[in-house]
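Undergrad: One structure, pasted below without further comment.
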Amino acid sequence: MATNLTTGRPWRVILLFSVPLLIGNVVQQLYQFVDTIVVGRQLGVDSLAAVGATGSLIFLIIGFAWGLASGFAIPTAQAFGAGDARGVSRSVATGTLLTAATSVILTVLGPLIARPFLELLQTPSELLAEATTFTQVTFIGGSTIMFFNYLAAIIRSVGDSTTPLVFLTISCGLNVALVIVMVGPLGWGVGGAALATVTAQAISVLLCLGYLWRRLPVLHVHRDDWRISRADMLEHLRLGLPMGFQASIIAIGTLAVQVALNTLGAEAVAAYTAASRIDGLAIALLASLGLAASMYAAQNLGARRPDRIRRGTVQALWMALMASLVLGAIMICFGAAVVRLFVGDSADGVVESAHLMLIINGVTYSLLGVLFVVRGVLQGVGRVLVPTVTGLIELVARVVGALVLASVWGFAGVAMSNPLAWLGAVALLVPAYVAAHREFARMPIEPIETTLTTPIPVIGPADGSHTVDAVFTVPVPVIASRLSRLRLPKVTRRP
């Protein structure tokens, strides 16, 4: 059900919107837990290390595609917040075409570069064959991952963060079942683990499409909407490309980390892989707040409510800081026990190294919480330059940590590269947002007039009280040009 994020207490709106995202990320991480346990226990530590050795390369390509798709949904959220039904459908059409084009490139190029890149990363010879297989299968099915992320993003852009959670949960449950069967009884090895993910994502894409068709007419695309203008294309690329490049820049940093790990041997790769799975759970929780803040800021930008953006950002930061303290304590106290789930009781060296990484990250989660919220808000209001530059800062920090500190402190030096990257990014993001925060305070508060409205039909209860069909009425701006008074980035262009 579509939800307006421009009314209600900011902290409550953001929290309620982020909870399904948070649960979805937990579910996704739990499925990766099972995937890692199955590979580690069924195929051995070397196979686990082989899958881990692919992480940075897959993140480089898939991460770019994911960031791109998320950026394409920002104009949709801005148009929805402004009550521009036609702008929403045109944005969906534009994002769909751009997502399709990216998927074709990913599917064709990815498998071709897999082995050469893994060799360039100095992947240990005993891991190369399985790592190549896992990477190629993932890239061949990359379009399913790309489209699921895009469809989930546009559903969230109209305030519905629950439905993507439902489909993600179904996908992850199916993925767990498939990976157990494909790796175990069928004996398809690491290729089976990758195929399980691709298959589950393909089914989730079909579920999203069916839901959009039946339940969210506001996201329906009509024949005229496919006549994409140059301005529409450029606006989506203006927001999508920086987010994609930001993910890729971060991924390049992780490539440097991977090179350093590969030189330390298979045990170091396995330790980093196991720790990353656990660490990823905590990071996903904080990332959920950042994504919720981004959609909240985008809708309130369209609704001309800079005051709500200010209050919501401050309240989201407090929530992120409190969550960071709790998550850090959990990682420090219980990390070693969880690592043993992946590798068993015989790999003490792997457990010790992985736990060290969890301790180093755990004490600095507060930096990461601030990073996600501030970056998300700036991206939501279309200020993409500083978040993109912070990606470059993270790149430099990770390279220094991986290549310089690793030569001095070994695995501990590699583990320190993440906090260094977070610190460098926050050092630029916070001053940038403080300046924006002050600018928002000087802007006039001009909520969209309610004298003219365009009903945007949403099948389902509008107030959550019953299940009959309802019409969710969103105000239409009377004078679109008044947005310029806010001196904020433009929303999706009107036809």
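The values are calculated or read from the model by the stated rules, or taken from the named source; none is laboratory data. Computed from a predicted model, the values in this text were never measured in an experiment. Virtual Cβ from ideal backbone geometry, glycine too; neighbours counted across all protein chains shown. Surface accessibility is based on the protein's heavy atoms, side chains included, excluding ligands, DNA and RNA. Shrake-Rupley method; radii C 1.70, N 1.55, O 1.52, S 1.80 Å.
Undergrad: Per 20 Å bin from zero, what fraction in whole % of the C-alpha pairs of the chain is there, up to the bin with the longest pair?
TA: 24, 57, 19, 0
Undergrad: May I pose another question? Report, in deg cm²/dmol and to the nearest 500, the calculated mean residue ellipticity at 222 nm for the chain, where each DSSP H run with n ≥ 4 adds -39500 (n - 2.57) and the sum is divided by the residue count. If you can, show how the numbers build up before the last one.
TA: Working: 18 runs with 372 residues, N = 495.
Helices in the chain give a 222 nm mean residue ellipticity of -26000 deg cm²/dmol.
Undergrad: For the pair ALA231 and LEU341, how long in nm is the line joining their label points, each one 7 Å along Cα→Cβ?
TA: About 5.2 nm, to one decimal.
Undergrad: While we're here: Between the stretch 391-405 and the stretch 224-300, what is the C-alpha centre distance in whole Å?
TA: 16 Å
Undergrad: What ranking, highest mean first, results for peptides 289-300, 70-81, 7-18, 189-200 when packing means the other Cβ atoms within 10 Å averaged over each residue?
TA: Numbers: 289-300: 28.2, 70-81: 29.8, 7-18: 18.2, 189-200: 22.3.
Averaged packing, sorted descending, gives the order 70-81, 289-300, 189-200, 7-18.
Undergrad: State, to one decimal in nm, how far the label point of ILE330 lies from the label point of THR107, with both points 7 Å from Cα in the Cβ direction.
TA: Distance between the two pseudo-spin positions: 3.8 nm.
Undergrad: Suppose all protein chains stay in the model; what accessible area per residue would a 1.4 Å probe give for the chain, in Å²?
TA: Details: 19050 Å² over 495 residues.
Per-residue value: 38 Å².
Undergrad: Carbon and sulfur: what percent of the stretch 18-124's accessible surface (1.4 Å probe)? List each step's numbers first, then the result.
TA: Details: 2410 of 3420 Å².
C and S atoms contribute 70 percent here.
Undergrad: For VAL430 and VAL181, calculate 0.36 nm times their separation in residues minus their Cα-Cα distance, and state this gained length in nm to one decimal. Walk me through the numbers before you get to the answer.
TA: Values: separation 249, 0.36 × 249 = 89.64 nm, distance 4.73 nm.
Here the answer is 84.9 nm.
Undergrad: Describe numerically, in nm with one decimal, the distance between label points set 7 Å from Cα along Cα→Cβ at ALA412 and at LEU321.
TA: So the two model labels end up 3.0 nm from each other.
Undergrad: For the stretch 314-388, what % of the accessible area comes from carbon and sulfur atoms, probe 1.4 Å? All intermediate terms of the calculation are to be shown ahead of the outcome.
TA: Values: 2260 of 2970 Å².
Carbon and sulfur: 76 percent of the exposed surface of the stretch 314-388.
Undergrad: Given N residues in the stretch 212-258, what is its alpha carbon radius of gyration divided by 2.2 N^0.38 Å? It would help to have the intermediate numbers written out before the result.
TA: Details: Rg = 17.0 Å, N = 47, 2.2 N^0.38 = 9.5 Å.
Rg over 2.2 N^0.38 Å, computed on Cα atoms: 1.79.
Undergrad: Rg and Dmax of the stretch 151-309, Cα atoms, in Å?
TA: Expressed in Å, the Cα Rg and Dmax of the stretch 151-309 come to 19.9, 58.
Undergrad: Take each of the peptides 405-412, 175-182, average the number of other beta-carbon atoms within 10 Å over its residues, and list them starting from the highest.
TA: 175-182, 405-412
Undergrad: How much accessible area does PHE245 have with a 1.4 Å probe, in Å² rounded to the nearest 10?
TA: The accessible area of PHE245 comes to roughly 110 Å².
Undergrad: If you project the alpha carbons of the stretch 1-159 onto the principal axes, what extent comes out on each, in Å, largest first?
TA: Answer, in whole Å and largest first: 57, 32, 20 Å.
Undergrad: Are there DSSP H segments in the chain that both extend 15 Å or more along their axis (alpha-carbon positions) and score a mean Kyte-Doolittle hydropathy of at least 1.0? List them, or say none. Please list the in-between numbers first.
TA: Details: long enough: 10-38 (42 Å, 1.17); 55-72 (24 Å, 1.82); 85-120 (49 Å, 1.02); 125-140 (23 Å, 0.71); 142-157 (23 Å, 1.02); 162-183 (31 Å, 2.08); 189-215 (39 Å, 1.08); 230-264 (49 Å, 0.84); 266-302 (51 Å, 0.97); 306-343 (50 Å, 1.26); 348-362 (21 Å, 0.89); 365-380 (22 Å, 1.47); 385-399 (22 Å, 1.54); 417-442 (39 Å, 0.67).
The answer, listed by residue number, is 10-38, 55-72, 85-120, 142-157, 162-183, 189-215, 306-343, 365-380, 385-399.
Undergrad: Taking Cα pairs under 8 Å and at least six residues apart, what relative contact order does the chain come out at, in percent? Mind showing how you got there, number by number?
TA: Values: 892 pairs, mean separation 117.9, N = 495.
Reported as a whole number, the value is 24 percent.
Undergrad: Carbon and sulfur: what percent of the stretch 140-228's accessible surface (1.4 Å probe)? List each step's numbers first, then the result.
TA: On the way: 2420 of 3550 Å².
On the stretch 140-228, the fraction of accessible area on carbon and sulfur atoms equals 68 percent.
Undergrad: A further question follows. Please report Rg (one decimal) and Dmax (integer) in Å for the Cα set of the stretch 241-326.
TA: 17.6, 54
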